[in-house]
Amino acid sequence: MKIIMLGAPGAGKGTQAKKIADKYSIPHISTGDIFRANIKEGTELGKKAKTYMDQGLLVPDELVVDLVVDRVQQDDCSNGYVLDGFPRTIPQAESLDAALEKLGDKIDYAINVEVPDENIVRRMSGRRACLACGATYHLVHIPPKKEGICDNCGKELVLRDDDKPETVTKRLNVYHEQTQPLIDYYTTKNVLAEVDGTKDMEEVFQDIVKVLGV
Ligand code: ADP
Ligand code: AMP
């Protein structure tokens, strides 16, 4: 099962991708998490990516496409995967499709988690992230058991630099300009499914499970 999560920043892609990955025992591949791990480790890729991420801009396609195309060919992806945050532009989607076609493969589902812009800024200002293990919480909707501490690994939770309101507005504009066109792209490919991301996290997940039909 090869799945792409679509939706605005903060729509709940990561939250749902983790649940899908757990239920169907497939890897969750988040390009945002990969970049954040590289920033933390101080790699060249991390340094380059950070200059774009801090401004709310997309990292250039050439820094992300090969990375994902390599990742989906690793052994743990043989039964499928859930891509979160990739593709984010039409050229990224075309490159992924071309690479998969060469392998005799294709994407099965592109799930669009639909949340209106007015809900997004509220969600992002309440998001708290664990940069150690990638877990995500929300101060009000999905609080950690112990304030400021990750349930998973016990490390400190932070407000991501790019979740500050001024950067969120920029990221939403970038989403509408560069990423939203993917909805039409995957509709044309007959793999698009829409879910209402404003519902409670568990209800959204049940709607996704219905789409996946297993
Ligand atoms: P994305 O990966 O699309 O950027 P996240 O999964 O990180 O978004 O979710 C953004 C924020 O909204 C997080 O703080 C998360 O805990 C919270 N969240 C996710 N899904 C829901 C939901 N259905 N209702 C309320 N808050 C949610
Ligand atoms: P995310 O964690 O998915 O919200 O991603 C955080 C930031 O990482 C984005 O705002 C972009 O700057 C960068 N990023 C993540 N995935 C991609 C991608 N597929 N293409 C370009 N930039 C990306």
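The values are calculated or read from the model by the stated rules, or taken from the named source; none is laboratory data. Since the model is a prediction, treat every value here as computed from it, not as a measurement. Cβ atoms come from the backbone with ideal geometry, glycine included; neighbour counts cover every protein chain shown. The protein model used for the area step is the full one, side chains on, heavy atoms only, and it has no ligands, DNA or RNA in it. Shrake-Rupley method; radii C 1.70, N 1.55, O 1.52, S 1.80 Å.
Here is how the numbers come out for the structure above:
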read-out: Residue in segment 166-176 that is more than 10 Å from ligand 1 (Cβ to nearest atom), assigned to a helix (DSSP H, G or I), open to solvent by 50 Å² or more (accessible area, probe 1.4 Å) and among the β-branched types (Val, Ile, Thr) present; value: yes
read-out: Test: LYS19 is closer than 20 Å to LYS164 by Cβ, of a type in the set (D, E, K, R) and in a helix (DSSP H, G or I); value: no
read-out: Residue within segment 185-194 that is under 27 Å from ALA49 (Cβ atoms), more than 10 Å from ligand 1 (Cβ to nearest atom) and of a type outside the set (S, T, N, Q) present; value: yes
read-out: Any hit, segment 42-61, residues being part of a helix (DSSP H, G or I), under 15 Å from the mean Cα position of the chain (by Cα), within 16 Å of ligand 1 (Cβ to nearest atom) and buried (at least 18 other Cβ atoms within 10 Å of the Cβ); value: yes
read-out: Single residue of ILE34, ILE39, ILE29 found to be without any contact (Cβ under 8 Å) to a residue 60 or more places away in the chain, under 27 Å from THR169 (Cα atoms) and part of a strand (DSSP E or B); value: ILE29
read-out: Evaluation of VAL209 against (1) of a type in the set (A, V, I, L, M); (2) open to solvent by 40 Å² or more (accessible area, probe 1.4 Å); (3) assigned to a helix (DSSP H, G or I) (one fails), failing number; value: (2)
read-out: Enumeration of residues in segment 62-78 that are outside any helix (DSSP H, G or I) and open to solvent by less than 50 Å² (accessible area, probe 1.4 Å); value: VAL72
read-out: Enumeration of residues in segment 79-106 that are among the hydrophobic types (A, V, I, L, M, F, W, C) and either part of a helix (DSSP H, G or I) or open to solvent by 10 Å² or more (accessible area, probe 1.4 Å) (or both); value: ILE90, ALA93, LEU96, ALA98, ALA99, LEU100, LEU103
read-out: Filter pass, ILE39 being buried (at least 16 other Cβ atoms within 10 Å of the Cβ) and within 30 Å of LYS210 (Cβ to Cβ); value: no
